[in-house]
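Okay, structure first, notes after.
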Protein chains: 2
Amino acid sequence: MTPQRWLDRFAAALAKGDIDAASKLFEPGGLWRDLVAFTWTLKTFEGRAEVKAMLAAVLSSVKPSNFAVHGQEWFTFETAVGRGIGHLRLRDGKAWTLLTTLQELKGFEEKAGRTREWGTEHGVLPERKSWLERKVEREKALLSGEQQPFVLIVGGGQGGIGLAARLKRLNVPALVVEKNARAGDSWRKRYKSLCLHDPVWYDHMPYLPFPDHWPVFSPKDRIGDWLEMYVKVMDLDYWTSTECIKAEFIGDEWHVSLSRNNQSLVVRPKHLVLATGMSGMPSMPQLPGAESFKGTLVHSSAHPGGEGWRGKRCVVLGSNNSAHDIAADLWEHGAEEVTMVQRSPTVVVRSEMLMELAWGKLYSQQALEAGISTEIADLTLAATPFRLLPEMQKPIYEEIRKRDAELYSGLERAGFRTHFGEDGSGLHSIYLRRGAGYYIDVGASQLIIDGRIRLKHGTIDRLSENSVVFSDGKELQADLVVCATGYGSMNGWAAKLISKEVADKVGKCWGLGSDTKYDPGPWVGELRNMWKPTQQPNLWFHGGNLMQSRHYSLYLALQLKARLEGIPTPVYYLDPVHHLE
Amino acid sequence: MTPQRWLDRFAAALAKGDIDAASKLFEPGGLWRDLVAFTWTLKTFEGRAEVKAMLAAVLSSVKPSNFAVHGQEWFTFETAVGRGIGHLRLRDGKAWTLLTTLQELKGFEEKAGRTREWGTEHGVLPERKSWLERKVEREKALLSGEQQPFVLIVGGGQGGIGLAARLKRLNVPALVVEKNARAGDSWRKRYKSLCLHDPVWYDHMPYLPFPDHWPVFSPKDRIGDWLEMYVKVMDLDYWTSTECIKAEFIGDEWHVSLSRNNQSLVVRPKHLVLATGMSGMPSMPQLPGAESFKGTLVHSSAHPGGEGWRGKRCVVLGSNNSAHDIAADLWEHGAEEVTMVQRSPTVVVRSEMLMELAWGKLYSQQALEAGISTEIADLTLAATPFRLLPEMQKPIYEEIRKRDAELYSGLERAGFRTHFGEDGSGLHSIYLRRGAGYYIDVGASQLIIDGRIRLKHGTIDRLSENSVVFSDGKELQADLVVCATGYGSMNGWAAKLISKEVADKVGKCWGLGSDTKYDPGPWVGELRNMWKPTQQPNLWFHGGNLMQSRHYSLYLALQLKARLEGIPTPVYYLDPVHHLE
């Protein structure tokens, strides 16, 4: 069966309301991933029964139509209110996987190309306002409260910025608040050796790709600059030096207390987006004796880098990406002794391997030259339901294990424990499951193999005046202890900014319910609470790496736009809450 | 004859050194435009004799080879030191026009795509420097004089910035000095209603095109912001609040006195580029009685806009673009009386007509969708020698005259004198000939037709305390007199910054020698002194609109790069100087 024939039958069944026929076009265990187009949420339906139940509920309002094949596996379609792109994998004439995504709302298409704004109004316009005057007026009206943003985005990193750009182009009044003095500071303030661990093809912001000479791995300060200029040229409403203090949902709007340049003010948006980093708040262990420790004790997020630690003894608690970067940076700066404390095995993959074997087909110069645009790459990645991802990833990691056998045996000999996750599915899986637990190797592994970064296993029992004492009784002299101990769930931010009650109502963010360590079941099949309606009305979570922020901000922006325009957005399904954090 | 056959014959003749055969492949009056590839200058050869003379001089060193057709009229080729793109128009088997352009130097190709920088150095690098640290060090070394830029660019508008970006990507150490406090201020500081009069497709900077929602006609403040961010993300060495005071060529280098934040310092670049605006310095008429005039007398370049002139009487001297913009802006701001003083006829064309009939085929969304990239459009435009341009343009203006008959008769009735240049070849011609004399109508013409902007002909005799007195004895009360009287030739900047002697040695900049008003003969066939070697060694002029700055900065950058790398750059021809300003 050709994709066109399958789609014709599918469309015919849907048009007739024959849900049974439609579901039988799927394999019994076929998977349908919908991103907002049918369900007004992000949801994967696994098996015919789930497909049927969904269609029974939404078909009469969604009114899908105009399915048309483009190329081998891609198609376009329409719903009552929008236009979408889909992807279909057939096996023996039945759908193995189906992806449906909403791409734009009818009547509210983004202005681009031929439909872009004129910029100037030709003709005779007494008292005409310039672009700058209108911008200044908007700012004043927002500040005075005369005008309220429809959406308030807390956090002006790449996530908040990219979402704000999409909302801007959809004419959704949105305000971003960022606690730092300049956009991009959340990158600039990190340790100096920090570079993106993902290659440039993976990292573009929406609408304005990096130029073709942009380095493969962006240094943090360049990303900082890029974000700062992006805010400016995309004409975003973006307040720096503004902290969100408290938010409360009253009636149908949020009352959000802000501190802007240390002045208090309240804004009342209809929607609140937490884009405070998918990692939530820093997890700082309570170390007994911390108060008597005479050295420096700091969370990795607050560690500025290795400068100033020449000749000093440093302990890094944790063995994730940040722990490796920080340990290597300390060693490069001439620290006398750098010890990494590994508490559990780490997924280690060399950056080059990831580029070649994991991302290269979608995100690389080769892919680009083969016609795979960033948009196609994002949709291709989205077209694989999370259920199938581990099996698809395993062969990649088997190959990596072979190719980098020396690295892994070297690490083993050095006493560093690696794995590829509980099921061998590697880095992308563990990133989706727990957002941590891995190191993309850019050099630190060799330092460990060579013994330049020392290793210690186990947990810290307590700190003394000048040392770290481990539960096995061992003691390490230390001038610096960096806790690269990760971050909590994003709903920690809801607890801090709104209330514990709302945080618990919403539950844990991120993770798939894979029933692996730090990602307890049951299986939910999509990242919990991300980019979709939550149990708290009008509260949204946005975050992730640059690729996720870029791609999923589209669906979040469309959900917000529909609500602004009064387009009905019946949410088919709200995940029940199984875990509080 | 197919283009490939023609090129095969041409290549064979060149390979054999058979200059006679090569020149006979041209029509007797055929034109060959070379941009740096054969001549290390910009030069059009008209007729077989000129072609022969050039080939006789350069062939043995240029060693052209590997001519290969791409598409209908395009081809690529190599020289001893570089790679180029060419364009060929055949008529009856002979070359009517040939374009040869140098695109890159062998061994010094720009890093892009697959060859881009890695960004981070993976591995173990004690005392590793971050990108930011290296940038700060470079700045310090430049400031202390420990390091000298190879090129100093005076003027940090779109011209200087675009050239600096190209030099950066070619690894040519270049420093831009800009007198304003922020990049982009030269746009921000102009009258508030200013927008680009050219559409967005014409206006991209090199490497980093505007995103696809960027307005058709950019407001000045948005261009200002775009340039400011461009400087930052392209990682340029760019000093703001820095004025060039004096430059002297001593030995083989320039000694340039700068005032940076009011501190003096001297830099010693090998090459000096004046990118101070193709318009040179403001031409301010000496008006008798100016000292007794109690109103405001100002050049258009220093007029901030119509704000504050409500109820006032304003006179705008001149009838070019700025005069129209300023007069309309004053009227829109409620000036009691706005009078434009027209001294000579103006080429008036509605912006929409230009877009549809003049630029649309190369620079528009339609063109882009038809596969005409900005680069192809630029090269296509370059492929028409200036000699042929007027005849090609005339039909466009005949069509415009028909379509906008009402506009032109309305202006005539209002007493406003229009023409399409002495030979009817319209706006692009007059722009190349004198860089002035036109108005791209975005509304002010209707104000003139309606009598809202009043008209006065003739010249100003003198100013009294409160009025302008004309040579015909008429007197106009005036609170404001704006002299939209244009700019001098760019070599005026050489006179101001270097010496009158050097300015005279170099001679007039811009203009083709068309023997029309303000563009005296003899015919030179290229813009005088622009982007190519001048009579003053190591002094270059760069400027023009955004399209020209973008395209011709490539050839200027390649000329500078070749000199940096010690690649021989025998200049085939230096224009003699016929006019001093």
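The values are calculated or read from the model by the stated rules, or taken from the named source; none is laboratory data. Predicted model, so just to flag it, every value in this text is computed and none were measured. We place every Cβ from the backbone using ideal geometry, glycine too, and count neighbours over all the protein chains shown. Protein only, heavy atoms only, side chains kept; ligands, DNA and RNA dropped before computing areas. Shrake-Rupley method; radii C 1.70, N 1.55, O 1.52, S 1.80 Å.
Quick check, is A:Gly82 over 30 Å from A:Met490 (Cα atoms) and within 14 Å of another protein chain (Cβ to nearest Cβ)?
For A:Gly82, the condition - over 30 Å from A:Met490 (Cα atoms) and within 14 Å of another protein chain (Cβ to nearest Cβ) - is not met.
List pairs: first in the range B:502-513 and under 12 Å from B:Asp575 (Cα atoms), second open to solvent by 10 Å² or more (accessible area, probe 1.4 Å) and of a type in the set (Lys, Arg), Cβ under 8 Å, 6+ apart or cross-chain?
Qualifying pairs under 8 Å: B:Gly507/B:Arg528; B:Lys508/B:Arg528; B:Cys509/B:Arg528; B:Leu512/B:Arg433; B:Leu512/B:Arg528; B:Gly513/B:Arg528.
Can you pull out the residues in the range B:440-476 that are crowded, with 19+ Cβ neighbours inside 10 Å and assigned to a loop (DSSP other than H, G, I, E, B)?
B:Val442, B:Gly443
Spot the failing condition for B:Leu580; the list is (1) surrounded by fewer than 21 Cβ atoms within 10 Å (Cβ to Cβ); (2) touching a Phe, Trp or Tyr at 6+ places or on another chain (Cβ under 7 Å); (3) closer than 21 Å to B:Leu272 by Cβ, and only one is missed.
(2) is the only condition that B:Leu580 fails.
Based on what the data block shows, is B:Leu527 open to solvent by less than 20 Å² (accessible area, probe 1.4 Å), closer than 18 Å to B:Asp34 by Cα, part of a loop (DSSP other than H, G, I, E, B) and not acidic (Asp, Glu)?
In short, yes.
What residue, among those in the range B:355-373 that are open to solvent by less than 30 Å² (accessible area, probe 1.4 Å) and in a helix (DSSP H, G or I), is farthest from B:Gly525 (Cα to Cα)?
Within the range B:355-373, the match that is farthest from B:Gly525 (Cα to Cα) is B:Gln365.
If you take the residues of the range B:35-50 that are open to solvent by 10 Å² or more (accessible area, probe 1.4 Å) and touching a residue at least 60 places away in the same chain (Cβ under 8 Å), which of them is farthest from B:Leu389 (Cα to Cα)?
B:Trp40
Taking the range B:330-354, which residues are within 14 Å of chain A (Cβ to nearest Cβ) and surrounded by fewer than 19 Cβ atoms within 10 Å (Cβ to Cβ)?
Matches in the range B:330-354: B:Gly334, B:Glu336, B:Glu352.
Take the range B:107-132 and flag every residue that is out of contact with any Lys or Arg (no Cβ under 7 Å at 6 or more places or on another chain) and either over 22 Å from A:Met355 (Cβ atoms) or small (Gly, Ala, Ser) (or both).
Within the range B:107-132, B:Gly107, B:Glu109, B:Ala112, B:Gly113, B:Gly119, B:Gly123, B:Pro126, B:Glu127, B:Lys129, B:Leu132 qualify.
Do the conditions hold for B:Ile376, that is, is it open to solvent by less than 50 Å² (accessible area, probe 1.4 Å) and assigned to a helix (DSSP H, G or I)?
Judged against the criteria, B:Ile376 is not a match.
What single numbered condition from (1) surrounded by fewer than 19 Cβ atoms within 10 Å (Cβ to Cβ); (2) of a type in the set (Ser, Thr, Tyr); (3) in contact (Cβ under 8 Å) with a residue 24 or more places away in the chain fails to hold for A:Ser259?
Evaluating A:Ser259 over (1) surrounded by fewer than 19 Cβ atoms within 10 Å (Cβ to Cβ); (2) of a type in the set (Ser, Thr, Tyr); (3) in contact (Cβ under 8 Å) with a residue 24 or more places away in the chain leaves (3) as the failure.
Could you say whether any residue in the range A:96-109 is out of contact with any Phe, Trp or Tyr (no Cβ under 9 Å at 6 or more places or on another chain) and open to solvent by less than 40 Å² (accessible area, probe 1.4 Å)?
The answer is yes; a qualifying residue exists.
Would you point out which residue out of B:Ala53, B:Ala22, B:Ala13 is surrounded by fewer than 17 Cβ atoms within 10 Å (Cβ to Cβ) and modelled with pLDDT of 95 or more?
Of the residues listed, the single one that is surrounded by fewer than 17 Cβ atoms within 10 Å (Cβ to Cβ) and modelled with pLDDT of 95 or more is B:Ala53.
Quick test of your reading of the structure: B:Lys561 fulfils all but one of (1) within 26 Å of B:Glu109 (Cα to Cα); (2) open to solvent by 30 Å² or more (accessible area, probe 1.4 Å). Name the failing condition by number.
It fails just one condition, (2).
Within the range B:87-180, which strands (runs of 3 or more DSSP E) (wholly inside it) include 3 or more residues that are away from chain A (no Cβ under 14 Å) and farther than 30 Å from B:Glu253 by Cα?
Correct list: B:94-105.
In the range A:204-240, how many residues are surrounded by 22 or more Cβ atoms within 10 Å (Cβ to Cβ), among the hydroxyl-bearing types (Ser, Thr, Tyr) and either within 30 Å of A:Glu133 (Cβ to Cβ) or over 22 Å from the mean Cα position of the chain (by Cα) (or both)?
Number satisfying all stated conditions: 2.
Might you check whether a residue that is more than 30 Å from B:Asn171 (Cβ to Cβ) and more than 11 Å from chain B (Cβ to nearest Cβ) occurs anywhere in the range A:192-199?
Scanning the range A:192-199 turns up no residue that is more than 30 Å from B:Asn171 (Cβ to Cβ) and more than 11 Å from chain B (Cβ to nearest Cβ).
State yes or no: is A:Leu427 within 14 Å of chain B (Cβ to nearest Cβ) and not small (Gly, Ala, Ser)?
no
What number goes with the only condition from (1) outside any helix (DSSP H, G or I); (2) out of contact with any Lys or Arg (no Cβ under 6 Å at 6 or more places or on another chain) that A:Pro385 does not pass?
Answer for A:Pro385: the failing condition is (2).
Looking at the range B:200-224 only, could you name the residues that are in a loop (DSSP other than H, G, I, E, B) and more than 7 Å from every other protein chain (Cβ to nearest Cβ)?
Answer for the range B:200-224, where residues must be in a loop (DSSP other than H, G, I, E, B) and more than 7 Å from every other protein chain (Cβ to nearest Cβ): B:Asp203, B:His204, B:Met205, B:Pro206, B:Pro209, B:Phe210.
Within the range A:237-249, is there a residue that is closer than 28 Å to B:Trp214 by Cα, in a loop (DSSP other than H, G, I, E, B) and in contact with a strand residue (DSSP E or B) (Cβ under 6 Å, 6 or more places away or on another chain)?
yes
Is it the case, given these coordinates, that A:Ser364 is touching a strand residue (DSSP E or B) at 6+ places or on another chain (Cβ under 9 Å), within 12 Å of chain B (Cβ to nearest Cβ), within 17 Å of A:Asp203 (Cβ to Cβ) and not aromatic (Phe, Trp, Tyr)?
The answer is no for A:Ser364.
Residue by residue through the range A:447-463, note down the ones that are within 17 Å of A:Pro345 (Cα to Cα) and either within 12 Å of chain B (Cβ to nearest Cβ) or hydroxyl-bearing (Ser, Thr, Tyr) (or both).
A:Ile448, A:Ile449, A:Ile453, A:Thr459
Would you confirm whether any residue within the range B:481-488 is modelled with pLDDT of 95 or more and open to solvent by 20 Å² or more (accessible area, probe 1.4 Å)?
no
For the range B:477-498, which positions are in contact with a strand residue (DSSP E or B) (Cβ under 7 Å, 6 or more places away or on another chain) and not in a loop (DSSP other than H, G, I, E, B)?
Matches in the range B:477-498: B:Gln477, B:Leu480, B:Val481, B:Val482, B:Cys483, B:Tyr487, B:Trp493, B:Ala494, B:Leu497.
Can you run down the residue pairs with Cβ atoms below 7 Å, 6 or more apart or on separate chains, where the first is in the range B:298-320 and farther than 19 Å from B:Val468 by Cα and the partner is outside any loop (DSSP other than H, G, I, E, B)?
B:Ser301/B:Pro282; B:Gly305/B:Asp329; B:Gly306/B:Asp329; B:Gly306/B:Leu330; B:Gly306/B:Glu332; B:Asn320/B:Thr346; B:Asn320/B:Tyr438; B:Asn320/B:Tyr439
Output yes when any residue across the range B:423-439 is small (Gly, Ala, Ser), surrounded by fewer than 17 Cβ atoms within 10 Å (Cβ to Cβ) and on the phi < 0 side of the Ramachandran plot, and no when none is.
No, because not a single residue in the range B:423-439 is small (Gly, Ala, Ser), surrounded by fewer than 17 Cβ atoms within 10 Å (Cβ to Cβ) and on the phi < 0 side of the Ramachandran plot.
Restricting the search to the range A:181-191, which residues are open to solvent by 30 Å² or more (accessible area, probe 1.4 Å) and facing chain B (nearest Cβ under 10 Å)?
Residue satisfying the conditions is A:Arg188 alone.
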